[in-house]
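Only one structure is covered here, and it is reproduced in the block below.
The values are calculated or read from the model by the stated rules, or taken from the named source; none is laboratory data. This is a predicted model, so every value here is computed, not measured. With ideal geometry, Cβ positions are generated from the backbone for all residues, glycine too; neighbour counts draw on all protein chains shown.
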Amino acid sequence: MTPALDAKANEILLRYEQPKAAMLPLLWLVQENQGYVSAEAEAWVGRMLGVARSHVREAVSFYNMFHTKPVGRRELRVCTSLPCLLRGAGELMDRIRETLKIGPGETTPGGEVLLTEVECLCACEIAPMAQLDERYVGPLEGPSVDSIIRDSLTQPGRPESTPEPEPYLSTDGPVLSTHFKDPGGTWLDDYLTDDGYVAARKVLTSMTPQDVIDEVTSANLRGLGGAGFPAGRKWSFVPKETDKPKYLVVNADEGEPGTFKDRYILERDPHALLEGMLIAAFAIGSHKAYVYIRGEYFRSAKRLQRAIDEATGKGWLGQDIQGTGFDLDVVIHRGAGAYICGEETALLTSLEGGKGFPRLKPPFPAISGLFQCPTIVNNVETLACVPFILRNGAEHFARIGTERQGGTRLFCVCGHVVRPGVYEEPVSITLRELIEKAGGVRDGNRLKAVIPGGISAKILAADEIDVAMDFDSLKAAGTMAGSGGVIVMDETTSMVQALDSAARFFADESCGQCSPCREGTGWVHRILRRIIDGQGSLRDLDELLAIAGDMEGNTICVFADAAAWPVQSYITKFRDEFEEYIRSGRSTEQKETAECPA
Amino acid sequence: MPSLTIDGREVSVADGTMVIQAAETLGIFIPRYCYHPALSIAGNCRICLVEVERIPKLQIACNTPVSEGMVVHTKSAMAEDGRRAVLEFLLANHPLDCPVCDQSGECDLQDYYMNFGLYNPRFREHKVKKQKAVELGPHVMLDQERCILCSRCVRFTDEITKTGEFGIFNRGDRAELGLYPGDVLDNPYSANVVDICPVGALTEKDFRFKARVWYLSSAPTLCNGCSQGCNVDLHYVLDRPHLNDGARVARIKPRYNPDVNQWWLCDEGRYGFEWLDKERLTKVRGPSQRSTDPQTHGPTDSQTQTSWDQALQTISAALAGSDHEQGSPRIGVIASAQLTCEELFLIRQIFRDALGAQVTASVPEEPGSSDDFLIKADKNPNTLGATLLGLAGPDAPAAAQIVDAAIDGNLEALWVFGHDLVELFGEEKVRQLSEKVSLFVYSGTNENPTVPLAHWVLPSAAYVEKDGTFVNCHGRVQRIGRAFGPIGDSREDWRFLLELAGKLGLSFDGSGPEGIFRGLAEHVTAFEGLSYDTIGTQGVALRTESVGL
């Protein structure tokens, strides 16, 4: 470990109120410098943070982006989660394995590339996709399969032949997508020209925190990370009378399979997020904000940092913002590969340098969150709605939505639709309309099922899609709006294989803290593997339902519930298909030509 | 003081109390794995699920604070089903190797399955394989497959010893307990993790495969390893010599005492019991050339076996004949702070007060290791007791003084209780004094280089073979307890001291330690008003002014 690294580490430590919080940044620092996290590096990180190296190793082993031994000079992460599987990730992986002659977790003999099989990278709009080092590529079909393999073997920094993805995105708003047009991103000058920071100025110069909370409350802004909790009410939980610092933490750990919206806000309209943060920070009395960005979102983090630098340079962040006396520092904190860190208390534990373990509640973060201080955790999309509300009035925003949920959402439509992409629509749109906007089901196939709100949501059968996409309507329909990730499955889909894929995801991503989840997710997945392998029995279906029931509601966070819901809904709604699969030992639903989960 | 109802019974407890503790005050036991009163709350095992009215989901009792009017059901169908579910998950990947697991018989997985489970197991998949029989350090073995990841041990090394050895690595059902690769679990309190491990994941290396725990008997006593006086249970086996390599004492476990050691015990104290079954003095020995007149008796080259009666008869006669009227004492006694208060009291009354002997329990010993937690540098369990009796401390003569007096021919008789004078003063000096004095009695538990140089060797019972009291370094008087009788022909020091007193015509309450203690409480202010009943199983703090603390 060099003096230069020591200096860099000390600089990083200054960003955090507690040294241990620099765990992930320091691990990233050594991995960027040395290619992996050596034992020597673990000891160094432990010394820098004042943490036993056993706890450094806990973190290194928990987050799956860290390597503990030298690997290839490049890394090709191939997503094989459900949305990518639906679009041929199985075949893609086979092609890559055959060509590179290595399996997942292996590096080519020449040391060119490490092949990694990963869970959802949240780029389902370009499925099947992969990430070569920091860059997202997809859809990887036809010639781009050969080109990504070629690129993965070239030296890093050389020109690459795989083209930039060009998925469909809404670009004309009304709320969230107005600055999505330029793939290069919308930067401060353009943002300011288009009424940027007008809302922030208004808030800082003419409103009280309570005014802001009232405005956001009456706008019916709901938490768009998945829980749908009213944002204004959440802010109102922060104690007014406290000596402790208050924190605003942005949940940019987008990870729910089928979801890919926050990345576009971070990369194409980062100032909308920063302005939303500034307003939220003012409302709760916070002067320090952290943005927790998932580790794989390298470009998102870089672009947001650029925006932070711009805003700081022009006096929209930092000390005495625009002469109003209000201060706000924003620190980007990068995750390192753990879905659970999207759960808000796990995110806080992770931010503090631990494994991403959700916390016992009470206390709730608004009372005791980051560093035991009052903390509000908001999703990127939620905060990006805030400038619009303060600029155009709560009523305008509320009017776009339903009675109890204002505004629009960035719906992520993927799977078997003609045109996967990000669709900004009022939350009152029905699922059927949304699928039609995405060009309908591909190849003229019949719709079989839809997951309306990310992989955790209960599945809807083809005849259940005349439901509005707001939180309350989907809840009434027995499922949830969740993260807004709509995964469409056509008639070629094997529900058995789809559930197996979902179950693998939850088994891979369970943090392992609570026994029902740790043991239950693995158990469910192993039963499904046995069924897939033709060794299932009809009794397994009832047992899967029973195990799912036992997992549900008995753990610290809702991950176990989320893992249970697909099991319950797929088996209940498609029981005949499961029974037929078990009886025949194979899938009977696939067409000869179908590209389906393998 | 919120009032709540648990299983139909009302209870008022302090604000902030958790349901699991409130239930305990009613004698209602809610099962727990991760919860431990000494450690932070983890809430991960989920076995303590209870039903709380007006809350739809089951709640964990360990992290549910009581509130006014709360109604809790620990035995409702919903609560029982929740526990059954959790247990089934915990046992899903558990290897069920109970027949070869040392924890068997005291395993909370076994016990809770019998009490709260009794379901038909449904798990038919391949179990996750992890490492077994991993040696973590000098005292602790790890079986990762048996581990239920409750994190008690991790919290122990983080929060109690602050040594941070343990971690839980990886995630999901691949999560595994371990140390940082290459690290050794050798902190001075390492074996406590075995005690707090609710399953067979962490077991004692020392006790490994020695005996099934249901063959063990248990007796409450104290650790005699230092002046802290940690409360312990002695686990022993008497009737199965094929177990435990034939030794009686199988292991020592800490016994909870909130005022002394809480739940803990240091490794030094825990594993310092080998001497109880090894190289013990089991026979009374006297000079090989017996003489009726000890005054003219010369040095002995060898000892021969004799009887207690013969020995005490001869010794008492010699002591009685030793005249102290002429001014300076003619008898020296080097007593020991390893002895009980009762025994030290008898020694004081017999030797110092009746025979005019020079008596001390102040023996120059190198201070041992110590820390700011439990381990004390004074390795004697009863130094303060000896001090309160005037046998140690500033007013007591130094042992070296007595030894020198013996060498200088100023003593006729020397009695040494348990000390290895050869180690303390060198063999040459002991040889000299052995030749100089006409009566040299050694009473003690084990062989040592001083033993062959004594004229008389009286085998003493070890502290686990007798009753009595020690006063710890904080001035707390606590009882040791007789787990089993003295080995061989050995006798409790109090017993042969009483017999000696009888032969000397002195009278004491002869009923045993409890009676002796009554006398002690009458004579020594610090113990005034105390009895074995008031001391009880957890001890009593002596009044600080009398202890001088």
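Just a few scattered comments:
- Considering only residues in the range A:55-90 that are in contact with an Asp or Glu (Cβ under 6 Å, 6 or more places away or on another chain) and farther than 20 Å from A:GLY105 by Cα, the one that is surrounded by the most Cβ atoms within 10 Å (Cβ to Cβ) turns out to be A:VAL56.
- Out of B:LEU109, B:LEU96, sole residue that is within 34 Å of the chain's Cα centre (by Cα), of a type in the set (A, V, I, L, M) and at pLDDT below 95: B:LEU96
- Whichever residue in the range A:322-368 is assigned to a helix (DSSP H, G or I) and within 14 Å of another protein chain (Cβ to nearest Cβ) and, among such residues, is farthest from the chain's Cα centre (by Cα): A:THR349
- Criterion applied to A:PRO363, A:PRO358, A:PRO374 was being on the phi < 0 side of the Ramachandran plot and without any contact (Cβ under 8 Å) to a residue 24 or more places away in the chain, and the one residue passing it is A:PRO363.
- Lone unmet requirement of (1) farther than 28 Å from A:THR521 by Cβ; (2) touching a residue at least 24 places away in the same chain (Cβ under 8 Å) for B:SER151: (1)
- A:SER501 away from chain B (no Cβ under 12 Å), without any contact (Cβ under 8 Å) to a residue 24 or more places away in the chain and among the small types (Gly, Ala, Ser): no
- Looking across the range B:233-242, the residues that are under 16 Å from B:PHE209 (Cβ atoms) and surrounded by 17 or more Cβ atoms within 10 Å (Cβ to Cβ) come down to B:HIS235, B:VAL237.
- Of all residues in the range A:162-171, those being more than 24 Å from A:LEU76 (Cα to Cα), touching a strand residue (DSSP E or B) at 6+ places or on another chain (Cβ under 8 Å) and of a type outside the set (A, V, I, L, M, F, W, C) number 2.
- Condition met for A:VAL37 (within 12 Å of another protein chain (Cβ to nearest Cβ), in contact (Cβ under 8 Å) with a residue 24 or more places away in the chain, in contact with a helix residue (DSSP H, G or I) (Cβ under 7 Å, 6 or more places away or on another chain) and among the hydrophobic types (A, V, I, L, M, F, W, C)): no
- Which numbered condition B:GLN131 misses (of (1) within 11 Å of chain A (Cβ to nearest Cβ); (2) touching a residue at least 24 places away in the same chain (Cβ under 8 Å); (3) surrounded by fewer than 16 Cβ atoms within 10 Å (Cβ to Cβ); (4) assigned to a loop (DSSP other than H, G, I, E, B)): (1)
- Picking from residues in the range B:446-500 that are closer than 24 Å to B:LEU319 by Cβ and of a type in the set (Asp, Glu), the one that is farthest from the chain's Cα centre (by Cα) is B:GLU499.
- Of residues in the range A:510-522 being in contact (Cβ under 8 Å) with a residue 12 or more places away in the chain and facing chain B (nearest Cβ under 7 Å), the one nearest to A:LEU347 (Cα to Cα): A:CYS511
- Only one of the numbered conditions (1) away from every other protein chain (no Cβ under 14 Å); (2) within 24 Å of B:ILE196 (Cα to Cα); (3) surrounded by 17 or more Cβ atoms within 10 Å (Cβ to Cβ); (4) free of Cβ contacts under 8 Å to residues at least 60 places away in the same chain is violated by B:HIS36, and that is (4).
- Residue within the range A:552-560 that is more than 22 Å from A:GLY255 (Cβ to Cβ), surrounded by fewer than 19 Cβ atoms within 10 Å (Cβ to Cβ) and more than 7 Å from chain B (Cβ to nearest Cβ) present: no
- Residues in the range B:139-182 that are more than 8 Å from chain A (Cβ to nearest Cβ) and among the hydrophobic types (A, V, I, L, M, F, W, C): B:VAL140, B:MET141, B:LEU142, B:CYS147, B:CYS150, B:CYS153, B:VAL154, B:PHE156, B:ILE160, B:LEU177.
- The residues on offer are B:PHE496, B:PHE470, B:PHE484, and the sole one that is touching a residue at least 40 places away in the same chain (Cβ under 8 Å), closer than 28 Å to B:GLY229 by Cβ and part of a strand (DSSP E or B) is B:PHE470.
- When B:ASP493, B:ASP489 are screened for being buried (at least 19 other Cβ atoms within 10 Å of the Cβ), more than 30 Å from B:ASP372 (Cα to Cα), in contact with a Ser or Thr (Cβ under 7 Å, 6 or more places away or on another chain) and charged (D, E, K, R), only B:ASP493 passes.
- Exclusive hit being among the acidic types (Asp, Glu) and either in the same structural domain as A:TYR290 (by TED's automatic domain parsing) or closer than 28 Å to A:VAL198 by Cβ (or both), set A:GLU425, A:GLU436, A:GLU464: A:GLU425
- Residues (among the β-branched types (Val, Ile, Thr) and not in a strand (DSSP E or B)) located in the range A:440-482: A:ILE455, A:ILE459, A:ILE465, A:VAL467, A:THR479
- Any hit, the range B:363-386, residues being part of a loop (DSSP other than H, G, I, E, B), modelled with pLDDT under 95 and buried (at least 20 other Cβ atoms within 10 Å of the Cβ): yes
- Among the residues of the range B:67-86, those that are buried (at least 24 other Cβ atoms within 10 Å of the Cβ) and under 37 Å from the mean Cα position of the chain (by Cα) comprise B:ARG83, B:VAL86.
- Residue list for the range B:347-369, restricted to those being touching a residue at least 60 places away in the same chain (Cβ under 8 Å) and either among the β-branched types (Val, Ile, Thr) or over 25 Å from B:GLY519 (Cβ atoms) (or both): B:ILE347, B:ILE350, B:VAL363, B:PRO364, B:GLY368, B:SER369
- Close contacts from the range B:104-118, counting a first residue that is under 17 Å from B:GLU204 (Cα atoms) and not assigned by TED's automatic domain parsing to the domain that holds B:ILE47 and a second that is modelled with pLDDT of 95 or more and in a helix (DSSP H, G or I), with Cβ to Cβ under 6 Å and a gap of 6+ residues or different chains, come to B:SER104/B:CYS98; B:GLY105/B:VAL213; B:GLY105/B:TRP214; B:GLU106/B:VAL213.
- If you go through the range A:350-402 and keep only what is among the charged types (D, E, K, R), at pLDDT 95 or above and surrounded by fewer than 24 Cβ atoms within 10 Å (Cβ to Cβ), you end up with A:GLU352, A:ARG359, A:ARG391, A:GLU395, A:ARG399.
- Scanning the range A:563-576 for residues that are crowded, with 21+ Cβ neighbours inside 10 Å and either more than 18 Å from B:GLY172 (Cβ to Cβ) or more than 14 Å from chain B (Cβ to nearest Cβ) (or both) yields A:TRP565, A:PRO566, A:VAL567, A:SER569, A:TYR570, A:ILE571, A:PHE574.
- The lone exception for B:GLN110 - which of (1) of a type in the set (S, T, N, Q); (2) under 27 Å from A:VAL524 (Cβ atoms); (3) more than 12 Å from chain A (Cβ to nearest Cβ); (4) part of a loop (DSSP other than H, G, I, E, B) it fails: (4)
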